Amino acid sequence: MIVSSIWACEDPNTLAVSRVFSGNNLQTIYSDTFSVFTSTVQLDSFISSGSGTILLGRYHDDSLGHVSASSYFQISYVGKFPKEKSLQDPSAVSTVFDSAVVVFPYNHTVTGDTTKLITINGYEVTEQMQLRTPPIGNGLKLSVFNYGYGLYSNSTFTRSTDPIFSGTVKLFPHTDTLSIRVPDSFARKWFLLAKHDSVNHYFDNPSNFVNSFFRGMYVEADASTEACVAGFVVNDNPNSSSKTTRFFKLRFYYKTLSNGLLKPTYQDFTVYNSTLQFNNIQHDRSGTKLAPLQPNEGISSRLTGDVSYVQAGTGLATRLDFPSVKAFFYNRPALTLNAAYLYVYPAGGSYPKNTLPPKQLQLYSTDASNIPLAPLQLGGAANISYDYQYGLNTQYAFDLFSYLYGQIKISQNFVTPLLLIPGGSNQGTSVQRLYLGDRIHPNTKIQLKLFYSNAQK
């Protein structure tokens, strides 16, 4: 027997799907009318070190403002740097300098316009780089992203005023590498010092090199250019000796004397201590609806065109509140939750090819502080599923049964809110963003679908 019944969830005009199973007086009901309130939250800075990604570039987003990403890291040489065979005989020549380049291997992520030129500058870091200690004490809450020692998305170190190298390029993240020539005046000086340094021995020990000679490198996109932000590989397999391993390098080309002939070879400087490599990510939301946002504050999607936002790198998250779920099940012992699904839809037309949304979203519990406190373990992660045919059902689907079932059973009179944040262990590896339609968005509404049963008397 099929029975139709209306349950006062949110919308009295929506007819829930229900079925009574003969013989057991158990009615099952489905509803997608439970409201989800959304707001955009600005998170505080977070640890961005040790991510394995160099993030580099600048771009402008009409809704999110200006975004820039730069990177700090130490470099040192691999193996033995070439020495002259006889330092006592200035006429003895065993190596001859040729040229030097910096090589950035793409990790194939990009946000922005790749058709525009962008100028990349590299500088010498003049301050000793070291990890920061997280703030503790006085009952201070820490974000799940800020436990332990690290370097933060707003950390800086002093650097030289003049660049070591500079190159105006187009970023092609779907290719293999970006290479920029290093001026011979700089590279040759290093090369000759390595050959003839018999006093300071900077090139005899990698640790001595970074502690006493060259403390680090800082790379950025020049402020005069704005195009896109791309990701590059620090080292895709740091324990491998394979020639196919991809890694950032400052490469010196030179010729070495062998059997009376000068043969071409090279010497690499690579990232020395990956735990000290970090990305500095800045944003300027002036002129956008998000301009008033301060760290750990939020703004309702009703004030931002029925859209909320998520962005990696800049710390934008969407807060989700479920105001009616607890009240609906309160004092209704005959009702039992059977399943719960949350569907998140990117706003239509908001994700062209070079501004794709994050591949994965992760849910985190929060409170009035708007700080991500802990990841939702069961059902808290969802990968994007593209509707390539019509583009209408591109979505992230979360299974929230375990979470909401537990929330219904506990004594508090509200469902603990959640934060929707790009997935992955480190937030500083991209600036991918998501425009998320809220519950009254005309086309792509966020939906919470509940299946529950009613034991009829």
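Grab the strands (runs of 3 or more DSSP E) fully contained in region 257-359, keeping just those with 3 or more residues being closer than 30 Å to TYR452 by Cα and in contact with a helix residue (DSSP H, G or I) (Cβ under 9 Å, 6 or more places away or on another chain).
In region 257-359, 335-344 are the strands (runs of 3 or more DSSP E) which contain 3 or more residues that are closer than 30 Å to TYR452 by Cα and in contact with a helix residue (DSSP H, G or I) (Cβ under 9 Å, 6 or more places away or on another chain).
Exactly one of these conditions fails for TYR452: (1) modelled with pLDDT under 95; (2) open to solvent by less than 20 Å² (accessible area, probe 1.4 Å); (3) in contact with a Pro (Cβ under 9 Å, 6 or more places away or on another chain). Give me its number.
Going through (1) modelled with pLDDT under 95; (2) open to solvent by less than 20 Å² (accessible area, probe 1.4 Å); (3) in contact with a Pro (Cβ under 9 Å, 6 or more places away or on another chain) one by one, TYR452 breaks only (3).
Hey, can you tell me all the residues within region 394-411 that are surrounded by fewer than 22 Cβ atoms within 10 Å (Cβ to Cβ) and touching a residue at least 40 places away in the same chain (Cβ under 8 Å)?
If the condition is that a residue be surrounded by fewer than 22 Cβ atoms within 10 Å (Cβ to Cβ) and touching a residue at least 40 places away in the same chain (Cβ under 8 Å), then THR394, GLN395, ALA397, ASP399, PHE401, TYR405, GLN407, ILE408 are the ones that fit.
Could you check how many residues of region 191-206 are touching a residue at least 60 places away in the same chain (Cβ under 8 Å), assigned to a helix (DSSP H, G or I) and either open to solvent by 10 Å² or more (accessible area, probe 1.4 Å) or touching a Gly at 6+ places or on another chain (Cβ under 6 Å) (or both)?
Going through region 191-206 one residue at a time, the tally reaches 4.
Is it the case, given these coordinates, that VAL310 is modelled with pLDDT of 95 or more and closer than 23 Å to ASN279 by Cα?
Criteria met by VAL310.
Give just the number: which of (1) open to solvent by less than 40 Å² (accessible area, probe 1.4 Å); (2) farther than 28 Å from SER49 by Cα; (3) in a helix (DSSP H, G or I) does ASP387 not satisfy?
It fails just one condition, (3).
Between residues in region 425-452 that are without any contact (Cβ under 8 Å) to a residue 60 or more places away in the chain and part of a strand (DSSP E or B) and residues that are crowded, with 23+ Cβ neighbours inside 10 Å and not hydrophobic (A, V, I, L, M, F, W, C), which pairs lie under 9 Å by C-beta distance while being six or more apart or on different chains?
Final answer for the pair search is none.
For SER166, indicate whether it is open to solvent by less than 70 Å² (accessible area, probe 1.4 Å), touching a residue at least 40 places away in the same chain (Cβ under 8 Å) and of a type outside the set (A, V, I, L, M).
Criteria met by SER166.
Does region 421-435 hold any residues that are under 26 Å from SER71 (Cα atoms) and either modelled with pLDDT of 90 or more or open to solvent by less than 20 Å² (accessible area, probe 1.4 Å) (or both), and which are they?
ILE421, PRO422, GLY423, GLN427, GLY428, THR429, SER430, VAL431, GLN432, ARG433, LEU434
Is there a residue being free of Cβ contacts under 8 Å to residues at least 60 places away in the same chain and either surrounded by 16 or more Cβ atoms within 10 Å (Cβ to Cβ) or of a type in the set (A, V, I, L, M) (or both) anywhere in region 344-364?
Checked against the condition, which is being free of Cβ contacts under 8 Å to residues at least 60 places away in the same chain and either surrounded by 16 or more Cβ atoms within 10 Å (Cβ to Cβ) or of a type in the set (A, V, I, L, M) (or both), region 344-364 yields at least one hit.
Just the residues that are under 19 Å from HIS60 (Cβ atoms), in contact with a Phe, Trp or Tyr (Cβ under 8 Å, 6 or more places away or on another chain) and surrounded by fewer than 24 Cβ atoms within 10 Å (Cβ to Cβ), please, taken from region 276-319.
Hits for region 276-319 are ASN280, LEU290, VAL307.
The values are calculated or read from the model by the stated rules, or taken from the named source; none is laboratory data. Every value quoted in this text rests on a predicted model; they were computed, and no experiment measured them. Don't worry about glycine lacking a Cβ; one is built from the backbone with ideal geometry, like all the others, and counts go over all protein chains shown. Calculation scope for accessible area: heavy atoms of the full protein, side chains included, ligands and nucleic acids excluded. Shrake-Rupley method; radii C 1.70, N 1.55, O 1.52, S 1.80 Å.
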